[in-house]
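First comes the structure, then the notes that go with it.
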């Protein structure tokens, strides 16, 4: 495998992990924009554009777009997060040219008024659907309370009010600024003809105009809070807790993920054996989120409302046992093996490498092989994990609980 990178004259970056032994390739445009780049009056516009990109271009109708995706035999999709909007597909190497033509054309959608009104109703229904699914808006509320005035508090889908008030012109303006070539990265992985890829994308994007885009990075000021949300139709109680963690630029993120795996992986962890395996809870996990300027160390509990308080106290006891139950060498070894195996097994698919290569380049401007990333986790020491475990006792936490129980 070989990593290749080029920046075109208009600022568009092209990166690829070329593997001539692969049987497929994956391509994706990583747009360096997400909910954190929105103001409150246009909250949800990044996700709105994700929908609109599939509604047709000056060269293709929406039917053409979907038919060509089928004709290519591609596995294709898109997603929007707090920091990126990504459009991707996996195809056979012989289809590199038509796949790139289609993806590149989609980056300049028509953004018609009639499509805008149709998709607005679709997205409002999507927001309502998520509000009616477990854990019933707790994740969005936790993000808002944890990040406060920080841009990461903005909901990816937006709100009913912000999406309802969004205008087509505001959406077009946002697209013009944030989908500029100097804010895009075309990533590829697998059996890629890199020279042909660069030549083709350069030819098709020469007329694209750069814009002045920026993203302000700073750590949030988090205050401890406890929020109780009542949802009478729920049959389970759900509790989320966020506390500060390392971001994507912080090498401590490897330590944090190892600790989360030891304490609360969905199998074989301390929380699993004490709560899930014993039938006390349906789910009890630790996890990490990383953003460019900060991160989150999270706890999640789901189960019988009548047992929730006792279960939550048990979780708090487990994550505060750094003195009485320090991390063992065996726990560290098992967690490192689990993480490393997951990384290396995942790397066998070009589609998975696409997200690793593109995501790392957009957020850190750095390329690492799957083996190098795996080695970062294997290099975490017992002392580092134990110190991170000890810091949990003094964490500043935001806790949100949602369910039918009003007494928690």
For this session: With respect to residue 259, determine if the residue is touching a residue at least 60 places away in the same chain (Cβ under 8 Å), within 29 Å of residue 151 (Cα to Cα) and in contact with a helix residue (DSSP H, G or I) (Cβ under 7 Å, 6 or more places away or on another chain).
Result: yes
Exercise. Are any residues in region 51-79 crowded, with 20+ Cβ neighbours inside 10 Å and either touching a strand residue (DSSP E or B) at 6+ places or on another chain (Cβ under 8 Å) or modelled with pLDDT under 95 (or both), and if so, which ones?
Worked result: 53, 65, 69, 74, 76
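For residue 22, indicate whether it is part of a strand (DSSP E or B), touching a residue at least 24 places away in the same chain (Cβ under 8 Å) and in contact with a helix residue (DSSP H, G or I) (Cβ under 9 Å, 6 or more places away or on another chain).
Details: part of a strand (DSSP E or B): no; touching a residue at least 24 places away in the same chain (Cβ under 8 Å): yes; in contact with a helix residue (DSSP H, G or I) (Cβ under 9 Å, 6 or more places away or on another chain): yes.
Spelling it out, it is not the case that residue 22 is part of a strand (DSSP E or B), touching a residue at least 24 places away in the same chain (Cβ under 8 Å) and in contact with a helix residue (DSSP H, G or I) (Cβ under 9 Å, 6 or more places away or on another chain).
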Seminar exercise, completed: Of (1) in the same structural domain as residue 363 (by TED's automatic domain parsing); (2) under 18 Å from residue 363 (Cβ atoms), residue 215 satisfies every one except (1)
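Out of 340, 347, which single residue is in contact with a helix residue (DSSP H, G or I) (Cβ under 7 Å, 6 or more places away or on another chain), surrounded by 13 or more Cβ atoms within 10 Å (Cβ to Cβ), assigned by TED's automatic domain parsing to the domain that holds residue 267 and under 30 Å from residue 7 (Cβ atoms)? Steps first, answer last, please.
Values: 340 fails: under 30 Å from residue 7 (Cβ atoms).
Criteria check complete, one pass: 347.
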Seminar exercise, completed: Listed by range, helices (runs of 4 or more DSSP H) wholly within region 167-268 having at least 2 residues that are within 23 Å of residue 85 (Cβ to Cβ) and within 25 Å of the chain's Cα centre (by Cα) are 168-178
Problem set entry | The one condition in (1) within 24 Å of residue 233 (Cα to Cα); (2) part of a helix (DSSP H, G or I) that residue 157 fails to fulfil | (2)
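Would you check which residues across region 294-309 are farther than 12 Å from residue 146 by Cα and part of a loop (DSSP other than H, G, I, E, B) and list them?
Pass one, region 294-309, residues farther than 12 Å from residue 146 by Cα: 299-309.
Scanning region 294-309 gives a single hit, 304.
For the condition buried (at least 16 other Cβ atoms within 10 Å of the Cβ), closer than 19 Å to residue 400 by Cα and not assigned by TED's automatic domain parsing to the domain that holds residue 365, what is the one hit in 244, 220?
On the way: 244 fails: not assigned by TED's automatic domain parsing to the domain that holds residue 365.
Just a single option satisfies the conditions, and that option is 220.
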Problem set entry | All positions within region 74-125 that are more than 20 Å from residue 172 (Cβ to Cβ), without any contact (Cβ under 8 Å) to a residue 24 or more places away in the chain and more than 25 Å from the chain's Cα centre (by Cα) | 94, 95
For this session: Identify all residues within region 305-318 that are closer than 16 Å to residue 272 by Cα and touching a strand residue (DSSP E or B) at 6+ places or on another chain (Cβ under 7 Å); write none if there are none.
Result: 308, 311, 312, 315
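Residues to consider are 262, 230; find the one that is farther than 25 Å from residue 330 by Cβ and either in the same structural domain as residue 392 (by TED's automatic domain parsing) or surrounded by 13 or more Cβ atoms within 10 Å (Cβ to Cβ) (or both). Before the answer, list the steps.
On the way: 262 fails: farther than 25 Å from residue 330 by Cβ.
Just a single option satisfies the conditions, and that option is 230.
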For this session: Kindly provide the set of residues from region 2-19 that are in contact (Cβ under 8 Å) with a residue 40 or more places away in the chain and assigned to a strand (DSSP E or B), ordered by number.
Result: 3, 4, 5, 6, 13, 14, 15, 16, 17, 18
Seminar exercise, completed: Counting only residues in region 351-374 that are surrounded by 15 or more Cβ atoms within 10 Å (Cβ to Cβ) and touching a helix residue (DSSP H, G or I) at 6+ places or on another chain (Cβ under 8 Å), the one farthest from residue 184 (Cα to Cα) is identified as 374
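The values are calculated or read from the model by the stated rules, or taken from the named source; none is laboratory data. All figures in this text were calculated on a predicted structure; none of them were measured in a lab. As a convention, Cβ positions derive from the backbone with ideal geometry for all residues, glycine included, and neighbour counts pool all protein chains shown.
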